[in-house]
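Notes follow the structure.
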Amino acid sequence: MLFILRLIIVVVYSILVSVFGCIYCLFSPRNPKHVSTFGKLFGHLAPVFGLRVEKRIPAEAVNNGNCIYIANHQNNYDMVTASSVVMPRTVTVGKKSLAWIPFFGQLYWLTGNLLIDRDNRAKAHGTISQVVTQIKKKNLSIWMFPEGTRSRGRGLMPFKTGAFHAAIAAGVPIVPICVSNTSNKVKLNRWSNGLVIVEMLPPIDTSGYTKDRLRELSEHCRQIMADKIAELDAEVAQREAAAKK
């Protein structure tokens with residue numbers, strides 16, 4: 001029964017947000033301020049899934065300026081966890097097929113997010129150039145998932161180099177976003193599904209890196225994120241165990 005109730009609430013809420021969001025965005029289509037606004041609205045669904053999301057955003061994050069945010073990509077629940085910390089004037093990079101999802105896909109495009117064709121290598125490289133142009137000319141930050149796909153419980157996957165190539169070319173820092181484990185955490189017939197911590201880390205300076213050191217930068221960022229995610233998972237496990245006593 002709880003599963004059905006949750007399903008109804010999520011579907012109705014998502015359709016309403018998407019439809020009214022599309023209408024709202026038509027007055028200023030593809031304005032990057034919309035991504036943060038609607039990301040937070042979808043973040044309000046976390047309690048519906050029985051999740052308590054704890055956001056850790058440093059006070060100095062308002063001074064990050066233009067940057068590239070990189071986050072671990074676990075599953076569809078990223079929409080209600082990671083989305084809650086999207087900063088103003090930040091757009092995401094997603095696969096082109098997202099545009100065909102009824103209601104949500106149209107909102108995704110209208111809010112100003114960038115779509116890439118992952119099956120076309122030439123177009124994918126062109127997207128990196130587009131990312132750099134957007135950052136420089138439109139005063140934007142970009143949110144990317146460097147794993148390139150959802151990990152689905154396999155841990156932090158190897159990073160692709162696109163985000164790091166764009167950061168070096170644009171001359172902007174990289175800001176990691178780490179989300180504690182949500183794989184197999186959510187049982188839709190269970191009332192409470194526990195705690196998820198989303199933490200924004202300090203910016204990583206890319207000015208000392210060149211294109212020849214892309215992989216080095218990628219591995220450096222991945223190690224920082226892997227260590228932090230392990231730390232968050234341990235904290236969540238400890239706090240949830242303590243709460244059961």
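The values are calculated or read from the model by the stated rules, or taken from the named source; none is laboratory data. Given the structure is predicted, the values throughout are model-derived calculations rather than measurements. Please note: Cβ atoms are built from the backbone with ideal geometry, for glycine as well, and neighbour counts cover all protein chains shown. When the accessible area is computed, the model is the full protein with side chains, heavy atoms only, and any ligands, DNA or RNA have been set aside. Shrake-Rupley method; radii C 1.70, N 1.55, O 1.52, S 1.80 Å.
When the helices (runs of 4 or more DSSP H) confined to the range 100-219 are screened for residues that are polar (S, T, N, Q), those reaching at least 2 such residues are found at 121-138.
Against the test of being touching a residue at least 12 places away in the same chain (Cβ under 8 Å), in contact with a helix residue (DSSP H, G or I) (Cβ under 7 Å, 6 or more places away or on another chain), of a type outside the set (Lys, Arg) and on the phi < 0 side of the Ramachandran plot, the options Val196, Val172 yield a single qualifying residue, Val172.
Residue pairs whose Cβ atoms lie under 9 Å apart, separated by 6 or more positions or on different chains, with the first residue in the range 223-242 and within 18 Å of Pro176 (Cβ to Cβ) and the second of a type outside the set (Gly, Ala, Ser) and part of a helix (DSSP H, G or I), do not occur.
Can you name every residue in the range 35-75 that is assigned to a strand (DSSP E or B) and not basic (Lys, Arg)?
Looking only at the range 35-75, we keep the residues that are assigned to a strand (DSSP E or B), and these are 52-56, 68-71.
Selection gives Val53, Glu54, Ile68, Tyr69, Ile70, Ala71.
Taking the condition within 17 Å of Arg215 (Cα to Cα) and either under 15 Å from the mean Cα position of the chain (by Cα) or touching a residue at least 24 places away in the same chain (Cβ under 8 Å) (or both), does Gly148 pass? Judged against the criteria, Gly148 is a match. Restricting the range 51-66 to residues that are surrounded by 18 or more Cβ atoms within 10 Å (Cβ to Cβ) and at pLDDT 95 or above, the residue that is nearest to Met200 (Cα to Cα) is Val53. For the range 75-84: of the residues being of a type in the set (S, T, N, Q) and modelled with pLDDT under 95, which is nearest to Leu110 (Cα to Cα)? Ranking the qualifying residues of the range 75-84, first place goes to Ser83. Every condition in (1) modelled with pLDDT of 90 or more; (2) part of a helix (DSSP H, G or I) holds for Met87 except the one numbered (2).
Checking each residue in the range 5-50 for being of a type in the set (Lys, Arg) and either over 22 Å from Leu188 (Cα atoms) or loosely packed, with under 13 Cβ neighbours inside 10 Å (or both) picks out Arg30, Lys33.
Yes/no per residue for (1) more than 18 Å from the chain's Cα centre (by Cα); (2) modelled with pLDDT of 95 or more:
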| residue | (1), (2) |
| --- | --- |
| Thr161 | no, no |
| Val175 | no, yes |
| Ser180 | no, yes |
| Met200 | no, yes |
| Pro203 | no, yes |
| Lys211 | yes, no |
| Ile229 | no, yes |
| Leu232 | no, yes |
| Lys245 | yes, no |
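Restricting the first member to the range 1-29 and to residues that are of a type outside the set (Val, Ile, Thr), and the second to residues that are outside any helix (DSSP H, G or I) and open to solvent by 80 Å² or more (accessible area, probe 1.4 Å), the beta-carbon pairs closer than 6 Å and six or more apart or on different chains are Leu2/Asn189; Phe3/Asn189; Ser18/Phe103. Applying the selection to the range 140-169, what residues are at negative phi and among the small types (Gly, Ala, Ser)? Matches in the range 140-169: Ser141, Ser151, Gly162, Ala163, Ala166, Ala167, Ala169. When residues in the range 128-145 are screened for being basic (Lys, Arg) and either under 13 Å from the mean Cα position of the chain (by Cα) or farther than 14 Å from Asn66 by Cβ (or both), 0 of them pass.
The residues of the range 67-83 that are over 21 Å from Leu232 (Cα atoms) and surrounded by fewer than 24 Cβ atoms within 10 Å (Cβ to Cβ) amount to a single one, Cys67.
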